[in-house]
Each structure stands twice: as structure tokens, then as C-alpha cells.
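Inspection log for the structure reproduced underneath, given as C-alpha cells.
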Amino acid sequence: MKRLFLSSIVTLSFFFAEALYAQSRTMSIEHLTTGQSYFNVSVTDSGLLQGNYPGWCTDWNLRIEDNTVYNARFYSSLSATIPSDVVDHPEYLDEVNWTINQNFVGKTSPSGLGVYTIGDVQLTIWSLVDNEFDSSSVGEFSQARVDELVARAKVEGANYAPSCRQLVGILLVPTHPETGSRSQNVMILVPRYHFPKCVVPDSDEVE
């Protein structure tokens, strides 16, 4: 069943890119200090993505305000045709998808480095896909834990493809409704079974 999924990933990536871009969407965010993610993201969507989702930042350099309704373009992180201004290092999106599916926040480091925090995971994501960032906005973190997660992602997450029971990162590119200026890019975590052509077989194991 895994082989069937992997063989269809290229076809699905094109489907996701077309289906996501075609819809009219707005979004708003709330920064979180507790829970399992950096943002709570609310999406108003005429298509597949209406709802509330956990989210992470993929572009430290820009700002985004809580409870402001932004217009947004959306791209699947599985797409092979993500525009160059959406993420600095799309070659590491497989590793990011692996990271978001491990549910690290609240788990204990196997190396005895303590409990993983929202800040650890956010810095891991920036380390993988962003050229410029710092730790000023992430709250509690440990650089040793971040280094551990980045190293694991690059080994265990290389060529990772989420199953239909797992999460896929959808990249949101927001613009301010009044000025039209770009705001901070966001990744929401969406179950792959929300999308057509993704059927959950009984033997599709989830770690």
C-alpha cells in the first residue's frame, strides 16, 4: 500500500497545486504560547480547506498580526512547482512534513535533553526552510534540542511522504486586505484524507 501511495505522489502534487490555488480564501492567525503549534489558523474557504488548523511559520522575515483577516494563496508542500518567493528552501519540505507528523511538542528527547517545546519545533522548521531567523519570538527552547531535531529530520525525513492518515503541510501566502502587502507565510497542518484521491487503506500504518 505504501508503494501505491508513493508511486502516485507526483500526480497528487499537481492535483493539490491546481485545486488549492483555484479557490478564493481568506485566513487569520492567533499566536500560541501553549498547545501543540506556533499558530492557530482559521481558514475561510470556498473549497477544501474551510476550518481551523494548527500552524507554523515558514518565513521569519515578515510580520503577521493576530485576528486580522488576510487574503491568501495556498500551495501544497508536496507540489514540485512552488514559486520561489514562497519558501527559501523547498528542497527540505519533505523533512518539514516528517517533523510535523512526529508530534514532538511535549515529548522527551531520547538524548536526555529535556522535553521538546513549541519553540524547539518552530526553530527546527526555520532551520530547514528559512534563510534568516532568530529565536526572539519563540518562547522557551533549547538549541541542543533544535540541533537534534534538525539532524533527525535530515536523516529520517529525507524523501518523506505522508500517508492518507497523516498530515500534509499546506503553505499559505497572505496579503494584507487594505495595503496588499505581503505578510508572514504560514504552514497549516491538514490531514491528507481531506483531499480527493486519497483513500485510507486498512494496512496504511501510521507511526
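Since every read-out is calculated from the coordinates, none of them should be taken as a lab result. Just so you know, these numbers come straight off a predicted model, no measurement behind them. Please note: Cβ atoms are built from the backbone with ideal geometry, for glycine as well, and neighbour counts cover all protein chains shown.
At 10 °C and a viscosity of 1.306 mPa s, what translational diffusion coefficient does Stokes-Einstein give for the range 2-194, taking Rh as the Kirkwood radius over Cα pairs? Give it in µm²/s as a whole number. If you can, show how the numbers build up before the last one.
On the way: Rh = 16.8 Å.
The estimated diffusion coefficient comes to 94 µm²/s.
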Using Cα-Cα distances under 8 Å and only pairs 6 or more residues apart, what relative contact order does the range 82-189 have, in percent? 30 percent
Quick check: convex hull of the Cα atoms in the range 90-147, volume per residue, rounded to a whole Å³? 78 Å³
Asn61 paired with Ala151, simple spin-label distance in nm, labels 7 Å along Cα-to-beta-carbon: 2.9 nm
Scan the range 38-107 for trypsin sites (Lys or Arg not before Pro) in coil per DSSP, keeping those whose Cβ has at most 12 other Cβ atoms within 10 Å, and list them by number. Arg63, Lys107
Modelled FRET efficiency - R0 41 Å, Ser46 with Ala144, Cβ distances, 0.05 increments: 0.35
